[in-house]
1. Quick one: which of 83-90, 112-119, 33-40, 14-21 comes out on top by average Cβ neighbours within 10 Å, and what's the full order, highest first?
2. Tell me, what ³J(HN,Hα) does each residue in the stretch 107-124 have, in order and in whole Hz, if you take phi through Karplus 6.51 cos²θ - 1.76 cosθ + 1.60 with θ = phi - 60° and put x for Gly and Pro?
3. In whole Hz, with x marking every Gly and Pro, tabulate ³J(HN,Hα) for the stretch 12-18 from phi via Karplus 6.51 cos²θ - 1.76 cosθ + 1.60, θ = phi - 60°.
4. Please list the non-local residues whose amide H lies under 5 Å from the amide H of LEU34, H modeled 1.01 Å from N, same-chain partners needing a gap of 5 or more.
5. Report the gain in length on full extension from GLU83 to ARG2: 0.36 nm times residue separation, minus Cα-Cα distance, nm rounded to one decimal.
Amino acid sequence: MRRYDDPVDVRKGQVKGSSGPVEGPEQFLWRGRLWQVRDVVAHWVETGPWWQSAGVRAMVGSGEPDPGGPVGLLADDLLGEREVWRVEAARGRAVSAAGDPGFGVFDLVFDWASGSWRLSGCAD
């Protein structure tokens with residue numbers, strides 16, 4: 001899988017998942033091309049490295065005290081979640097098959113802190 005860190009515009013809707021229809025990315029615009037999501041391969045949530053934060057170091061006594069205290073730790077570190085959607089998608093509105101060069105598997109990432117979407121990987 002090739003790695004990227006490109007902003008994408010995502011439209012959410014009902015998409016095919018392994019256990020039936022789910023609310024997720026229905027289509028996305030990447031590098032000026034429209035991609036239609038055909039299937040959700042996987043969906044997970046990633047947290048940032050909260051264990052390396054100043055707040056945690058202060059709580060275990062290996063760093064400076066955190067002026068925000070435990071509330072600062074929660075607000076800054078634990079809310080840094082990213083939602084990852086691995087999807088199969090085809091270019092445009094036409095239905096494509098796996099052998100078609102207009103077909104690929106993409107990792108779309110929603111960053112809860114910024115409210116923005118990025119494309120982090122692609123296998124086509």
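Just so it is clear, none of the values below were taken in a lab; they were calculated from the coordinates. Treat the numbers as computed from the prediction; the structure is a model and nothing was measured. We place every Cβ from the backbone using ideal geometry, glycine too, and count neighbours over all the protein chains shown.
1. 83-90, 33-40, 112-119, 14-21
2. For the stretch 107-124, the Karplus curve yields 9, 9, 10, 9, 9, 5, 5, 9, x, 10, 9, 9, 9, 9, x, 8, 10, 10 Hz.
3. Here the 3J(HN,Hα) series is 8, x, 7, 10, 6, x, 5 Hz.
4. Under 5 Å from the amide H of LEU34: GLY92.
5. Working: separation 81, 0.36 × 81 = 29.16 nm, distance 1.90 nm.
Contour length minus Cα-Cα distance gives 27.3 nm.
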